1. Distance between Cα centroids, the range 161-181 to the range 104-139: provide it in whole Å.
2. Can you give the FRET efficiency for Val317 and His10, using 1/(1 + (r/R0)^6), R0 = 41 Å, r = Cβ-Cβ distance, to the nearest 0.05?
3. Kindly provide log₁₀ I(q)/I(0) values, in the same order as q = 0.12 Å⁻¹, from the Debye equation applied to equal alpha-carbon scatterers of the range 143-223.
4. How far, in degrees from 0 to 90, does helix 192-203 lean away from the longest principal axis of the Cα atoms of the chain, to the nearest 10?
5. Taking Cα atoms, how many degrees apart are the long axis of helix 223-254 and the longest axis of the chain, rounded to 10 and kept between 0 and 90?
6. Beyond 16 Å, what share of the Cα-Cα pairs of the range 248-339 is found? Please give it as a whole percent.
7. Please identify which residues in the range 223-262 have an amide N closer than 18 Å to a label point set 7 Å out from the Cα of Asp121, following the Cα→Cβ vector.
8. Residue separation times 0.36 nm, minus the C-alpha to C-alpha distance between Val82 and Ala307: what's the value?
Amino acid sequence: MVETLDQGIHRLRFDGTGLAAWDSGLLTFVAGVTRLCANRGIAIDTGGLPNGAQRLLSMALAVPEQKVALRHAEGQGMLAQVGGATIEFFRSLPLMLHFLGEIFQSFARLLTGRAHFRGGDVWREIEEVGPRALPIVFVISFLVGLILAYLGADQLRLVGAQIFIADLVAIGMVREIGALMTGIIVAGRTGAAFAARLGTMQVNDEIDAFRTLGISAIDFLVLPRVLALMLMVPLLTLYAGFIGMLAGLLVSVTIFDIGVYEYYAEVLRALEFKHFMVGLSKGTVYGAMIAYAGCLRGMQCGRSAEAVGRAATSAVVTAILLITIAASIMTIVFYQLDI
């Protein structure tokens, strides 16, 4: 075809006389020839094609072919990637702060009784975040408790202090690890779900419909999710700490010949009220950050299925990053305050 068009041809006409049946293959062929002729300055006449084929062809050629810009990170050096990520972060920082301010305003409306949302949405999110997350939290917390008990026992055995396995597991799970592991689990399970749901609503123009009707999307969509996570993540943190202590009990009794009552008494001696308060406070902060990250990425989602997938991935990464930063800051602050 290319060689034929190069031989001094100035006009090309399609003749569909006697064409009994045709399908999309004909349109694909004609469209390809049409674009090739346009690039070579050759006039083309499609008047001989069937009427249906002419209409479909005009619709196909009315919109220019879109070229999706793909990011090829392989061709960039490490410094270029880090620099690009840093620039993108600072560009998005004003939007993140603006969204955070809208959430605070929504909480202010909630306290004054002016927030508009359905109470059933809160209970539905609580069920999704809390009871349905118990199995995965149980598995992860139990395994982490086993690992923590074995690692501590390996060192405590050197000085004959295996009984302090109970202190290590109880304080570690209740104060730090339980909240951290629960936050990461909920970020991967619920944060991504929030971003995907809100992103799909963005694609379907449902959020625009809320704004058109004068309904605050923050009150109606974001606030119930933030409330649900702030209420349930602390409870899941306590649950994770209890499961981790059970795992430590199993290791202590079966491997290191520590009695059940001895382990129980040592746990009661080691745990103080402040340890529970630290764990609950961290769980509350982690829950708020997970909801913030998931809703932020969902509301910022583009108008395509690919954008929904990117929003879900970005929500998980953002939530885990925020959790890590908050855990570091809160640990230092509590240590300085001797809490």
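1. What the calculation gives is 29 Å, centre to centre.
2. E(calc), rounded to 0.05, equals 0.10.
3. Per q value, in the given order, log10 I(q)/I(0) is -0.56.
4. Between helix and principal axis, roughly 30 degrees.
5. 50
6. Value for the range 248-339 (Cα pairs over 16 Å): 68 percent.
7. So the set is 223-232.
8. Working: separation 225, 0.36 × 225 = 81.00 nm, distance 2.21 nm.
My answer for the length gained is 78.8 nm.
Read-outs throughout are calculated quantities, based only on the coordinates presented, and are distinct from any laboratory measurement. Keep in mind it's a predicted model, so treat the numbers as computed, not measured. Cβ atoms come from the backbone with ideal geometry, glycine included; neighbour counts cover every protein chain shown.
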